[in-house]
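Okay, structure first, notes after.
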Amino acid sequence: MPINAETTVGQLVAENPAAARVFEKAGIDYCCGGHQSLHDACDKAKMSTAEMATLLEQAAAARTAADRDWLKASQAELVDHIVNTHHAYVQRELPRLTALIAKVRGVHGKNHPELAQIEPVFAAISAEMMMHMMKEEQILFPYIVDMEQAAQGKGPQPMPMFGTVQNPVRMMMMEHDAAGAHLVKIRELSSNFTVPADGCTSYRVLYEALAAFEADLHQHIHLENNILFPRAVEMEA
Ligand SMILES: [Fe+2]
Ligand SMILES: [Fe+2]
């Protein structure tokens, strides 16, 4: 199927989950920046749209079972996946990475002052993400699941505590932007997670773990911004 250059990158990943790997590699933001068109994203990444379309088609052809089509899943299934996979991962990684940053900064901070700059940025991500996920799990996600149940005639229409679902969705998306901006900052401070020549094993483990944390958060935000939230807004309308 020919790829339309005006399609948004968020939509392209929703339709072809394998596209996420191509965009990650090209440094194209498909989660918080999911609303940009393929054409604009390629311009920014200094790539031709035709070249990118070929890569996307190759990725689609090489798609594996792990690239699940979440457009075909229910909201309840998607919420379960987000909470059990991505929220659980963030909860597991935040304390581990916080300790690892402190350890590496303790050993290498003198020669690498950027570590002392990374530390408070990660602390901000940690505090903000814990609050953010709690709001999703306790308020927004149960509401979205109840809305779907009601639409299928399996339960009563939930009482909105926040006017329209668009209000919490907008707030969650703003918080995603903030987390995304912190990650960009860490990527810059760490020179794209490049371990310096005098870096030890812990330094390498830290940068690999931070890169993995970033990739997971991109996928996590993509599922919410580009699939879960738009479907909830549509369902309410
Ligand atoms: Fe989330
Ligand atoms: Fe979120």
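Quick notes on this structure:
- Residue within the range 126-133 that is in contact with an Asp or Glu (Cβ under 7 Å, 6 or more places away or on another chain) and closer than 30 Å to residue 232 by Cβ present: yes
- Of the residues making up the range 192-210, those that are more than 23 Å from residue 30 (Cβ to Cβ) and open to solvent by 40 Å² or more (accessible area, probe 1.4 Å) are 194, 195, 197, 198, 200, 201, 204, 205.
- Taking the numbered list (1) without any contact (Cβ under 8 Å) to a residue 12 or more places away in the chain; (2) away from ligand 1 (no atom under 12 Å from the Cβ) in turn, residue 226 passes all entries but (1).
- Candidates in the range 127-150 are the residues that are open to solvent by 50 Å² or more (accessible area, probe 1.4 Å) and more than 22 Å from residue 91 (Cα to Cα); of these, the one that is farthest from ligand 2 (Cβ to nearest atom) is 149.
- Any hit, the range 151-166, residues being without any contact (Cβ under 8 Å) to a residue 24 or more places away in the chain, part of a helix (DSSP H, G or I) and open to solvent by 50 Å² or more (accessible area, probe 1.4 Å): no
- Residue list for the range 88-102, filter: in contact (Cβ under 8 Å) with a residue 60 or more places away in the chain and crowded, with 16+ Cβ neighbours inside 10 Å: 89, 90, 93, 97, 100, 101
- Flag if residue 135 is at pLDDT below 95, among the basic types (Lys, Arg) and either more than 14 Å from ligand 1 (Cβ to nearest atom) or more than 28 Å from residue 25 (Cα to Cα) (or both): no
- The set of residues from the range 95-145 being assigned to a helix (DSSP H, G or I), more than 30 Å from residue 166 (Cα to Cα) and touching a Lys or Arg at 6+ places or on another chain (Cβ under 9 Å) comprises 115, 116, 117, 118, 119.
- Of the residues making up the range 203-222, those that are away from ligand 1 (no atom under 16 Å from the Cβ) and within 16 Å of residue 94 (Cα to Cα) are 205, 206, 207, 208, 209, 210, 211, 212.
- Single match in 176, 222, 182, 218 (criterion: buried (at least 18 other Cβ atoms within 10 Å of the Cβ) and in contact with a Gly (Cβ under 7 Å, 6 or more places away or on another chain)): 222
- Matching residues, the range 74-113, being within 16 Å of ligand 1 (Cβ to nearest atom) and either in contact with a His (Cβ under 7 Å, 6 or more places away or on another chain) or among the hydrophobic types (A, V, I, L, M, F, W, C) (or both): 76, 78, 79, 82, 83, 86, 88, 90, 94
- When 229, 213 are screened for being over 23 Å from residue 104 (Cβ atoms), at pLDDT 95 or above, part of a helix (DSSP H, G or I) and open to solvent by less than 40 Å² (accessible area, probe 1.4 Å), only 229 passes.
The values are calculated or read from the model by the stated rules, or taken from the named source; none is laboratory data. Predicted model only: the values in this text are computed from it and were never measured. When we count neighbours, we look across all protein chains shown, and the Cβ atoms used for this are built from the backbone with ideal geometry, even at glycine. Quick note on the areas: whole protein, heavy atoms, side chains included, nothing else; ligands and nucleic acids left out. Shrake-Rupley method; radii C 1.70, N 1.55, O 1.52, S 1.80 Å.
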